[in-house]
Amino acid sequence: MIVLLGVLVVVIGFATKRNPLLVVGVAGIATGLLGGLSPGKVLAAFGDGFAGSRAVTIFAITLPVIGLLERYGLQEQARNLIARFATLTTGRFLALYLGLRQIGAAVGLTNVFGHAQTVRPLAVPMAEGAAERKYGELPDRTREKVRAFSASADNVGLFFGEDVFLAVGSILLITGFVNTTYGTHLEPLQLALWAIPTALCAFVVHGWRLLRLDRQLERELLTAHVHNTAAAEAAQ
Amino acid sequence: MIKAEWFYWLVGLSFLVMASQMVTDRSNPKRYGTGAFWGLIGAGFIYSSWVVTKQAPAEPLGVAVLVMACLAGFGFTGRGTPRTTTPEQRTASAAKLGNKLFVPALTIPAVAMACAIGVKHLSIGGEPVLQEGSETILGLGIGAVVALVVGMIMLREKRISVPVQSGRSMLEAMGWAMLLPQMLATLGAIFQVSGVGDQVGKIATSVLPEGSLYIAVVVYCVGMFVFTMIMGNAFAAFPVMTAAVGWPVLIGHFDGNPAAVLAIGMLAGFCGTLVTPMAANFNIVPAALLELKDQYGPIKAQLPTAGVLLGCNILIMALFAF
């Protein structure tokens with residue numbers, strides 16, 4: 001049971017908003033030592049972990065070109081473009097993005113979309129642009145909300161799309177684990193089919209929440225607007 | 001054959017170049033710490049190639065990782081003033097270039113798609129063009145390089161230092177968040193060898209009363225959810241919860257459909273991924289990349305969806321898997 005102390009360190013660390021790198025470092029060292037690893041082994045575990053997980057950081061390779069394009073007004077142009085589609089509100093646009101992300105992941109194109117390559121340069125300016133067209137300049141709080149929901153559309157779409165694809169890591173992990181451990185013959189196709197009901201639920205649930213975002217924005221921004229005009233009139 | 005390692009070297013090399021720019025950037029009050037942090041990550045990326053093939057010891061890299069964590073964790077890193085264009089210049093440039101600006105941006109996904117679908121099956125002299133199993137990562141890497149070339153030609157930008165400087169500003173803005181996913185992967189591995197998984201499995205089995213199918217379904221799904229939150233990854237939770245509850249109870253005792261139980265169990269774990277800071281690459285890194293003030297913003301946006309979907313998974317499993 002004592003190795004669970006490491007879990008406690010993580011929970012307390014994140015709850016008290018300590019720097020996550022320090023939290024994870026301390027939790028790793030504590031868990032390793034409590035679990036009977038020698039200090040050398042713990043160090044080696046950090047080295048191996050870094051080396052083996054470089055794939056999660058490879059998106060950094062897209063930053064120079066994204067940065068270059070942003071210098072030349074990519075985000076501004078994304079806003080201009082969305083302004084021409086009057087029926088595409090923030091919520092509708094993000095629901096569309098969710099659907100595309102899900103379909104893309106379901107046919108195995110997991111790296112075609114992503115936070116660095118599509119959410120920051122394209123989806124966020126478009127989602128914000130759609131709201132700006134209607135309400136003008138957005139307050140910071142609203143901007144944060146639109147951005148957080150843009151990130152969520154990408155994540156939900158990816159997670160609940162990819163398992164429909166046969167050759168994705170999690171499906172192969174399931175078949176690999178049970179076929180070797182329990183000597184069964186599960187086919188990836190059976191598993192992928194059983195991922196479809198949840199994928200549909202995910203689209204309906206999160207899509208509905210994204211559409212509802214429009215109403216939330218309307219409520220927040222129109223009351224703020226009325227407020228400001230009233231204040232301005234009172235000042236006169 | 002194009003190997004994944006080449007792109008890790010390219011990433012490492014660009015981090016090293018950016019680190020040298022950081023050290024000489026006098027607008028950054030913490031330029032030495034910042035440069036050291038990114039320089040170490042860059043060098044680590046390249047050194048790692050020999051660690052994964054066991055040709056170099058992992059311990060020095062482990063020391064370097066802990067030094068990086070301390071540099072960023074104790075506030076020795078900072079950011080300089082980005083050298084970029086003014087909003088007015090950007091608006092003017094957007095008006096001038098118009099939708100042409102999307103061409104390089106869409107080149108990345110287009111090339112990634114082409115690699116994942118087409119180039120994957122190509123081989124020259126019996127050897128596949130892209131390293132097997134790494135096609136999607138290579139697609140992203142090749143897409144980024146091609147997009148950079150297309151972008152520089154299109155924008156008539158001759159200085160390679162311009163995109164590198166822009167990329168560096170984004171790195172500085174993200175700071176420690178960039179290293180967190182890799183640190184967490186390490187923590188997951190340490191949890192595994194130290195037996196954290198077995199303990200969680202034991203707890204799950206001990207709260208499981210005998211004879212009730214529906215409670216067993218709830219324990220399996222909620223167990224996957226909670227354990228995934230702890231580990232940051234459903235892959236780590238799956239073998240443990242399946243060995244503890246999924247296989248012996250749901251499939252063995254209650255005769256459930258294995259494909260349905262296991263597939264839906266994994267998806268219950270994915271609901272946990274949506275709400276944990278431990279899944280840093282999905283939840284914390286985007287918050288930094290999108291310049292959110294609240295680093296838990298994406299998690300808060302995802303929390304209600306994750307809760308409802310966990311309920312959906314429990315229902316779907318209870319109704320259709322038995």
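Brief remarks on what is shown
- Boolean, residue B:122 is more than 8 Å from chain A (Cβ to nearest Cβ), buried (at least 20 other Cβ atoms within 10 Å of the Cβ) and farther than 18 Å from residue A:117 by Cβ: no
- The range A:153-167: number of residues that are open to solvent by 10 Å² or more (accessible area, probe 1.4 Å) and either acidic (Asp, Glu) or under 19 Å from residue A:116 (Cα atoms) (or both): 2
- Taken over the range B:103-119, the residue count meeting the criterion of being facing chain A (nearest Cβ under 7 Å), of a type in the set (A, V, I, L, M, F, W, C) and either in contact with a strand residue (DSSP E or B) (Cβ under 7 Å, 6 or more places away or on another chain) or closer than 17 Å to residue A:107 by Cβ (or both) is 3.
- Residues (surrounded by 19 or more Cβ atoms within 10 Å (Cβ to Cβ) and either within 10 Å of chain A (Cβ to nearest Cβ) or among the hydrophobic types (A, V, I, L, M, F, W, C) (or both)) located in the range B:20-41: B:22, B:36, B:37, B:38, B:40, B:41
- Cβ-Cβ contacts under 8 Å between residues 6 or more apart (or on different chains), taken from a first residue in the range B:155-173 that is in contact (Cβ under 8 Å) with a residue 60 or more places away in the chain and within 7 Å of another protein chain (Cβ to nearest Cβ) to a second residue that is among the acidic types (Asp, Glu) and not in a loop (DSSP other than H, G, I, E, B), are listed as B:166/A:70.
- Looking across B:63, B:146, B:67, B:51, one residue alone is facing another protein chain (nearest Cβ under 7 Å) and open to solvent by 40 Å² or more (accessible area, probe 1.4 Å). It is B:63.
- Note on the range A:1-60: residues that are touching a residue at least 24 places away in the same chain (Cβ under 8 Å) and over 29 Å from residue A:169 (Cα atoms) amount to 4.
- Of all residues in the range B:242-256 being in contact (Cβ under 8 Å) with a residue 60 or more places away in the chain and touching a helix residue (DSSP H, G or I) at 6+ places or on another chain (Cβ under 9 Å), the one that is farthest from the other protein chains (Cβ to nearest Cβ): B:254
- Looking only at the range B:150-176, residues that are at pLDDT below 85 and either of a type in the set (A, V, I, L, M) or open to solvent by less than 10 Å² (accessible area, probe 1.4 Å) (or both) come to 2 in all.
- Some residue of the range A:154-164 being at pLDDT 90 or above and aromatic (Phe, Trp, Tyr): yes
- Residues (modelled with pLDDT of 90 or more and among the charged types (D, E, K, R)) located in the range A:82-113: A:92, A:101
- Restricting A:66, A:61 to residues that are in contact with a Phe, Trp or Tyr (Cβ under 7 Å, 6 or more places away or on another chain) and within 8 Å of chain B (Cβ to nearest Cβ) narrows the list to A:61.
- Filter result for residue B:236 (within 12 Å of chain A (Cβ to nearest Cβ), open to solvent by 10 Å² or more (accessible area, probe 1.4 Å) and more than 19 Å from residue A:6 (Cβ to Cβ)): no
- Test for residue B:188: is it more than 7 Å from every other protein chain (Cβ to nearest Cβ) and touching a Gly at 6+ places or on another chain (Cβ under 8 Å): yes
- Set side by side, the residues B:263, B:268, B:259, B:301 differ, and just one is more than 7 Å from chain A (Cβ to nearest Cβ) and either aliphatic (A, V, I, L, M) or open to solvent by 20 Å² or more (accessible area, probe 1.4 Å) (or both), which is B:268.
- Scope the range B:205-222; condition open to solvent by less than 40 Å² (accessible area, probe 1.4 Å) and of a type outside the set (Gly, Ala, Ser); matching residues: B:208, B:213, B:217, B:219, B:220, B:221
- Residues of the range B:190-217 that turn out to be polar (S, T, N, Q), at pLDDT 80 or above and more than 13 Å from residue B:241 (Cβ to Cβ), as a count: 3
- Just one of (1) over 27 Å from residue A:148 (Cα atoms); (2) in contact (Cβ under 8 Å) with a residue 12 or more places away in the chain; (3) open to solvent by less than 10 Å² (accessible area, probe 1.4 Å) fails for residue B:284. It is (1).
- Total residues in the range B:274-288 satisfying the condition of being over 12 Å from the mean Cα position of the chain (by Cα) and among the β-branched types (Val, Ile, Thr): the figure is 2.
- When the range A:131-157 is filtered for residues that are more than 10 Å from every other protein chain (Cβ to nearest Cβ) and under 20 Å from the mean Cα position of the chain (by Cα), the ones remaining, listed by number, are A:142, A:157.
- Only a single item in (1) surrounded by fewer than 19 Cβ atoms within 10 Å (Cβ to Cβ); (2) modelled with pLDDT of 85 or more is not met by residue B:2, and it is number (2).
- Hey, residue A:216 more than 7 Å from chain B (Cβ to nearest Cβ), surrounded by 13 or more Cβ atoms within 10 Å (Cβ to Cβ) and at pLDDT 80 or above or not: yes
- From B:108, B:137, residue being open to solvent by less than 40 Å² (accessible area, probe 1.4 Å) and within 17 Å of residue A:121 (Cα to Cα): B:108
- For the range B:5-19, a residue qualifies if it is open to solvent by 10 Å² or more (accessible area, probe 1.4 Å) and among the hydrophobic types (A, V, I, L, M, F, W, C), and the qualifying residues are B:6, B:7, B:9, B:10, B:13, B:16, B:17.
The values are calculated or read from the model by the stated rules, or taken from the named source; none is laboratory data. This structure is a prediction, so every number in the text was calculated from the model and none was measured. Don't worry about glycine lacking a Cβ; one is built from the backbone with ideal geometry, like all the others, and counts go over all protein chains shown. Note: areas computed on protein heavy atoms with side chains; ligands, DNA, RNA excluded. Shrake-Rupley method; radii C 1.70, N 1.55, O 1.52, S 1.80 Å.
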